[in-house]
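The structure appears right after this line, and notes come after that.
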Amino acid sequence: MPSTPLSINLDRMVDAMLDTRTAHYWDPKRGKLIRGAAELDDEKGKRVLLDTIGNRKFKKLIDGFLKLLDSKDAKLIADAVKGSPDKFNKLLQKRPDLKKEWITHAGRELTEMAIDWLAMQGIEEFVATGEMARFAAEIAADAAEAEAAEEDDDEDSDEEEADEPEEEEEEAEGEEEAAEEDEEEEEEGDFGEEEADESDDDEEE
């Protein structure tokens, strides 16, 4: 009986990556994200600390986001991020309209971060849930398309390599024919000169 594929809420993963105050851990045994030390149970097992978003990456995303907002909302966001990313995340929970715009702007990049982190933990196949799941589907589709294009390029390259020996053989045959024609022309030229010499000898006699 096939095992049930692991289901992961990418919204929670992304929110955890923006939460720089509270540590989050991935529990491989249960396939679950754990928030803070309070949720850690007494069971012994490997738990991996989830990476939070880097300052440079976060600043780049925020700078692009501010350009999409009116001055009032832009100031609100700018003030929120002066503290830390988690303060910004709390603001988004209070402003669903801003959260929707943020997801549209940064959702794909944040989802890629979550997927890459999971891949480093050996989790490459899972069922994505939450709003970010649509970005995961887009990323998977783009990856499949790129892989198919790469396979087509490899096939074209193989065909070109297979055609090269035939072209070289044709070129060699053409060169041989040209060389034979040159030899025939030279022989005909020599024969003509011999006939001319004989004619001159007959006239002298």
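Structure notes:
- Oblate is the label for the stretch 1-156, because the ratio a/c of its alpha-carbon gyration tensor axes (a ≥ b ≥ c) is 1.5 or higher and a/b is not greater than b/c.
- Accessible area expressed per residue, the stretch 63-106, with surrounding protein chains retained (probe 1.4 Å, Å²): 60
- For PRO5, net neighbour charge (Lys/Arg +1, Asp/Glu -1) across residues whose Cβ lies under 14 Å away: -2
- ³J(HN,Hα), Karplus 6.51/-1.76/1.60, whole Hz, each residue of the stretch 120-137, x for Gly, Pro: 5, 8, x, 9, 10, 10, 7, 9, 7, 10, x, 4, 6, 4, 5, 6, 4, 5
- For the stretch 48-62, 3J(HN,Hα) computed residue by residue from phi via the Karplus equation (6.51, -1.76, 1.60; θ = phi - 60°) reads 10, 5, 6, 6, 8, 5, x, 4, 5, 5, 4, 4, 4, 5, 5 Hz, glycine and proline entered as x.
- Share of carbon and sulfur in the accessible heavy-atom surface of the stretch 62-126 [1.4 Å probe, %]: 53
The values are calculated or read from the model by the stated rules, or taken from the named source; none is laboratory data. These figures come from a predicted structure and were not determined experimentally. Positions of Cβ are generated from backbone atoms using ideal geometry, with glycine treated the same way; all protein chains shown enter the neighbour counts. Protein only, heavy atoms only, side chains kept; ligands, DNA and RNA dropped before computing areas. Shrake-Rupley method; radii C 1.70, N 1.55, O 1.52, S 1.80 Å.
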